[in-house]
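Written below as C-alpha cells is the structure these notes are about.
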Amino acid sequence: MAGIYELTEDQEMILAAVRDMAKDKIAPRSAEIDTENEYPWDIIELYRESQLLSMIIPEEYGGVGTGELTCCLVIEELAKVCANSAHALADHWLGLEPIILGGHEEVKQKFLPQLTTKLAAFALTETEAGSDISGIQTKAVMEGDNYIINGQKIFCTNGGTADFISVFIRTSADRNRGMSVCVVPKETPGFSVGKKEEQLGMRGTPAYELVFEDCQVPKENLIGQEGDGFKIALGVFDRSRPFDAILAVGISEGALQYAIDYAKERRQFGRPIAEFQGIQFMLADMAIQTEAARLLVYQAAALIDQGSSFISQFSSMANCFATDTGVKVTNDAMQILGGYGYIKDHPLEQKMRDARLLQIVEGTNQIQRVVVARSLLR
C-alpha cells in the first residue's frame with residue numbers, strides 16, 4: 001500500500017511483477033534459505049532476469065534508473081515474505097552505490113554495465129572501525145600505477161559472493177581526509193575471503209571477513225579522488241539506510257498479517273483469540289507502529305528523490321524508527337502465537353531474528369540518534 005504517495009504507472013507495473021514473484025517463487029523458499037544457511041542463488045537469478053539487480057543503475061550504463069522510493073517499494077514487497085532475499089538485493093545496491101555517487105565517468109563506464117547482472121558488496125567495517133568509520137586501518141600504498149592494499153574487513157554482507165567490492169582504504173594518516181574507496185574485483189591477486197560468520201538472523205545472507213595481502217588494484221579503480229572516501233561513505237549511508245528501514249517495515253507487515261490470520265483461527269475459552277480485547281489492542285498497536293514507520297521511510301525516500309537538504313536527518317530517523325518497530329512488532333506477533341510463535345513450524349521466530357540485525361547494520365540505532373540530534377542542533 002502506497003498510501004498518500006500516488007504511484008506512477010511504471011511503479012504499479014514493477015510492484016505487480018515483484019508481488020507475483022515474491023508470492024509464487026520467493027515465499028516458498030524463505031524457511032529453507034534460513035534453515036540451510038545458504039546464499040539464495042536461485043533468487044539472485046530471478047533478480048537478474050527481472051532487472052532488479054540494475055534498478056538503481058542509471059539508464060546510460062545499462063540500468064533501469066529508478067528512484068529511491070521505487071526501490072524501497074520493491075524491498076518492502078520482498079521483505080514481507082523473505083527478509084534474506086530482500087537483504088541480498090539491498091546489499092547489492094549498497095555495494096554499487098559508491099560508484100554511482102562518487103565515481104568518475106571512467107569508473108562508471110568500466111563497472112556499472114557489468115553490475116547490471118553481477119553482484120556488488122560494500123566493505124568498510126573493521127575490528128577498530130565500526131561506528132567510528134574513520135578508524136579504518138586497511139592501508140593502500142601507491143606503487144607505479146597500482147595501489148597495494150593490506151588489511152582486513154569484517155561483517156561484509158555479500159562479501160563471499162560478490163563479483164566486485166567497494167573497499168574503503170586508508171591512503172594517508174588523516175582520519176577523515178585520508179579515507180579513499182576503490183573497486184576490487186573478486187579475482188584480484190592478494191584478495192581472499194576469510195571467515196563466514198554464523199549469524200542469529202539473516203542466515204541466508206551471511207557476513208564475511210575479507211583479507212587483503214599485497215592486493216594489487218589499478219589506480220583507475222579508485223572511486224572519485226584520494227581522500228573522498230569519508231564523504232562518499234556518508235553520502236551512501238544517506239541513500240542506503242532507507243533500504244534497511246523499509247526492509248524492517250516489510251518484515252513487520254509480514255509478521256502482523258501472520259498474527260492476524262492466526263488470531264482469527266486460534267480458539268481459547270471457546271472463541272477465537274481475535275475476539276479478546278487484549279489481543280485486539282496488540283494488533284492495533286502493531287498496525288499503528290508499522291504504518292508510521294512505512295510513511296517515515298517513504299518520506300525519506302521522497303526527499304532523496306527530490307535532492308532535499310534534509311536527507312541525512314530523515315534517512316536516520318526512518319532507519320531508527322522502522323528498525324526499532326521491526327523488532328517490537330515481530331516480538332509482539334510471537335507473543336500472540338504463544339508457544340507456537342517460539343517454534344520453527346511458524347515463521348515468526350525467524351522474522352524476529354532477521355529484524356534484529358537491522359538495528360545494527362549501517363550505523364547502530366544509537367548512531368542514527370546522534371545523526372538526528374546533530375541535524376536538529378546544527
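The values are calculated or read from the model by the stated rules, or taken from the named source; none is laboratory data. Predicted, not measured: the structure shown is a model, and the values here were computed from it. Positions of Cβ are backbone-derived with ideal geometry, glycine not excepted, and every protein chain shown enters the neighbour counts.
Computed quantities for the displayed model
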quantity	calculated
Unique match (being touching a Lys or Arg at 6+ places or on another chain (Cβ under 7 Å), crowded, with 22+ Cβ neighbours inside 10 Å and either not assigned by TED's automatic domain parsing to the domain that holds Leu78 or not acidic (Asp, Glu) (or both)) among Gly254, Gly326, Gly341	Gly254
Subset of the stretch 257-314 (residues that are closer than 23 Å to Gln335 by Cα and in contact with a Phe, Trp or Tyr (Cβ under 6 Å, 6 or more places away or on another chain))	Ala293
Hey, Ile148 in contact with a Ser or Thr (Cβ under 9 Å, 6 or more places away or on another chain), farther than 25 Å from Pro113 by Cα and β-branched (Val, Ile, Thr) or not	no
The stretch 182-196 residues that are free of Cβ contacts under 8 Å to residues at least 60 places away in the same chain, paired with ones that are surrounded by fewer than 16 Cβ atoms within 10 Å (Cβ to Cβ) and among the charged types (D, E, K, R) (beta carbon under 9 Å, 6 or more apart)	Cys182/Lys219; Pro189/Asp214; Gly190/Glu213; Gly190/Asp214; Phe191/Glu213; Ser192/Glu213
Selected residue (criterion: surrounded by the fewest Cβ atoms within 10 Å (Cβ to Cβ)) from residues of the stretch 182-215 that are assigned to a strand (DSSP E or B) and in contact with a Lys or Arg (Cβ under 6 Å, 6 or more places away or on another chain)	Glu209
Counted residues, the stretch 80-122 - those being basic (Lys, Arg) and either modelled with pLDDT under 95 or touching a Gly at 6+ places or on another chain (Cβ under 7 Å) (or both)	1
Wholly within the stretch 93-181, strands (runs of 3 or more DSSP E) carrying at least 2 residues that are more than 21 Å from the chain's Cα centre (by Cα) and buried (at least 19 other Cβ atoms within 10 Å of the Cβ)	146-157, 164-170
Residue check for Lys23: in a helix (DSSP H, G or I) and either among the aromatic types (Phe, Trp, Tyr) or surrounded by 15 or more Cβ atoms within 10 Å (Cβ to Cβ) (or both)	no
Members of the stretch 305-320 that are assigned to a helix (DSSP H, G or I) and touching a residue at least 40 places away in the same chain (Cβ under 8 Å)	Asp305, Ile311, Ser312, Gln313, Ser315, Ser316, Met317, Ala318, Asn319, Cys320
Residue in the stretch 38-92 that is surrounded by the most Cβ atoms within 10 Å (Cβ to Cβ), counting only those that are among the polar types (S, T, N, Q) and out of contact with any helix residue (DSSP H, G or I) (no Cβ under 7 Å at 6 or more places or on another chain)	Thr66
